[in-house]
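All remarks here apply to the structure that follows.
The values are calculated or read from the model by the stated rules, or taken from the named source; none is laboratory data. As the structure is a prediction and not an experimental result, all values here were calculated from the model. Note that we place each Cβ from the backbone using ideal geometry, even for glycine, and neighbour counts take in every protein chain shown. Heads up: the accessible areas ignore ligands, DNA and RNA and are worked out on the full protein's heavy atoms, side chains in. Shrake-Rupley method; radii C 1.70, N 1.55, O 1.52, S 1.80 Å.
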Amino acid sequence: MTATTTATATTHRPTDLELLRLVREGEHAHFGEIWNRYQGWAHHVARSTTARYDAEDIVQEAFAKVLTSLRNGNGPREGFAHYLRTAIRNVAATWGGRDSRATMVPFTPDTALGSYEFEVTDLGDLEQPFRQLPERWQQVLHLSCLQGLPMATVAETMGMTVGAATALAARARRGLRESLAATRSDYAVAA
């Protein structure tokens, strides 16, 4: 009897640290693998950190900060999960601190239109769906769509990166479309 050997192909799954090193060296496409590995867990961390802000917004901002750090040759050299958890908590704390320092000024008829507060009135059929959106979604839509500000200005105003603000605006527009569709179907059922 002859023994035949079967060669089994094994694929090497790079470790987190190997992927981070590759990203740090300029191979940014490998960051997608890190995202795939950690985004579910990161959303859980963000939800357990605060309910004040949308977990998806916090996670995207934290990942953007980690990627920026890696592109600059910095970032985690060990323990990526711990580094990402810290980034998520820092984003939530920064946003919370910024919001707690903000002074709320009541609107008067002579309030300048450039004051990035919600002076949205008379949206017609969009009024109810718009008001049903989370406050940050309303804010990004107000700044980008109604005020017509460039996304860089929107991001700076909201204390986010441009990428995170762009993603937030896309989710807000999708949410507004869904809210509008639900409102229209409510009207159809009532008729």
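Brief remarks on what is shown
- Considering each residue of segment 102-114 in turn, none proves to be at pLDDT 75 or above and either open to solvent by less than 20 Å² (accessible area, probe 1.4 Å) or over 28 Å from residue 41 (Cα atoms) (or both).
- Filter result (touching a residue at least 40 places away in the same chain (Cβ under 8 Å) and not in a helix (DSSP H, G or I)) within segment 75-95: 75, 76, 77, 78
- Number of the exception - residue 150 against (1) out of contact with any Leu (no Cβ under 8 Å at 6 or more places or on another chain); (2) at pLDDT below 80: (2)
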